[in-house]
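One structure is given here, and the rest of the page talks about it.
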Amino acid sequence: MAVQSKWQSLPTEAINPSTLAIDKLSPADIVEGMLNEDRKMLAAVHREKDRIAVGIEIVTHALRKGGRVVFVGAGTSGRLGVVESAEMPPTFGTKPDLVLAVMAGGQDAVMRAKEGVEDHYEEGARSINRLRATKDDVVIGVSASGMTPFVRGALTRARRAGSKIIFVTCDPRTELQTFVDLTIAPAVGPEVIAGSTRLKAGTATKLVLNMLTTGAMVRIGKTYGNLMVDVQAGSEKLRDRARRIITIVTGLEYDAADELLHRAKGDVKAAIVMQKTGLTYAKAMVRLRKAHDVVRDAIGEDAEARLKQLLEIE
């Protein structure tokens, strides 16, 4: 019989032979079956580790040049980009326009599925036009199937603008490999529920995006050791985290750390530099700028020894 569907051969649409009878399984067996499939997914991501590392360098280079990171996707893939974008300011103190997300169907599609919007190639191109992408930006297209027209339109326009392009997909056979700077394609295989890419494909994609953003933020000095020193203290929990980071690094008592954080205008990095060097807030900020915002370089001290001491690690 002739194949009429262009999606039928996609790995994300294939029928999984391991879960053919899932509708007859007990809850415990469903869980076991899904965990077995997720183990395969982790192995697939692991096989892409070298490409992910290259992606971190691409993103880092863009950020150091003053460029932006733009995620583009539809459906689950688009929502994963939105999550990455939304988490950057509170976690790493970035400006809201540094890491952006373009979602097919706009903000309304984040909370409610809008079928069909992913098919609009021209709208994908227009979305990048509206952002005025440049050669300093990196655009990360996310499409589990590798075929989403909205994403392809966006990447085509980004290429014309000279932006670096990373493509994250779960179909290693995608022909876009010849069009983009880097393809990261964990071959997760067929889903537990055929075609439901919010499952293994979605989890694999989330892992990849986590590594790209976290790796790049670490590389540009957004952490000190593994401490979140650029945290934005916008809630009581985050204010507490900021104080605790200061106590860990400086040895100050909690209340003294709170007072220091107040004098540092809520800036954890500045507070650490002030305590370690005896500088005023203004001079501490100058010192940080000269150190390219890297705490280790500003105070001439590694975090590792202090953290090992606190954790009682030899």
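Okay, here's what the table says:
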{"item": "Failed item in (1) among the hydroxyl-bearing types (Ser, Thr, Tyr); (2) outside any helix (DSSP H, G or I); (3) modelled with pLDDT of 95 or more, with SER196 passing the rest", "result": "(3)"}
{"item": "Count of residues meeting criterion [at pLDDT below 90, among the polar types (S, T, N, Q) and in a helix (DSSP H, G or I)] in region 2-32", "result": "1"}
{"item": "Which listed residue, of GLU259, GLU304, is surrounded by fewer than 17 Cβ atoms within 10 Å (Cβ to Cβ), acidic (Asp, Glu), out of contact with any strand residue (DSSP E or B) (no Cβ under 7 Å at 6 or more places or on another chain) and free of Cβ contacts under 8 Å to residues at least 60 places away in the same chain", "result": "GLU259"}
{"item": "Any hit, region 134-142, residues being at pLDDT 95 or above, basic (Lys, Arg) and farther than 16 Å from GLY55 by Cβ", "result": "yes"}
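The values are calculated or read from the model by the stated rules, or taken from the named source; none is laboratory data. Computed from a prediction, not measured in an experiment: that's the story for all the values here. Backbone-built Cβ (ideal geometry, glycine too); neighbour counts: all protein chains shown.
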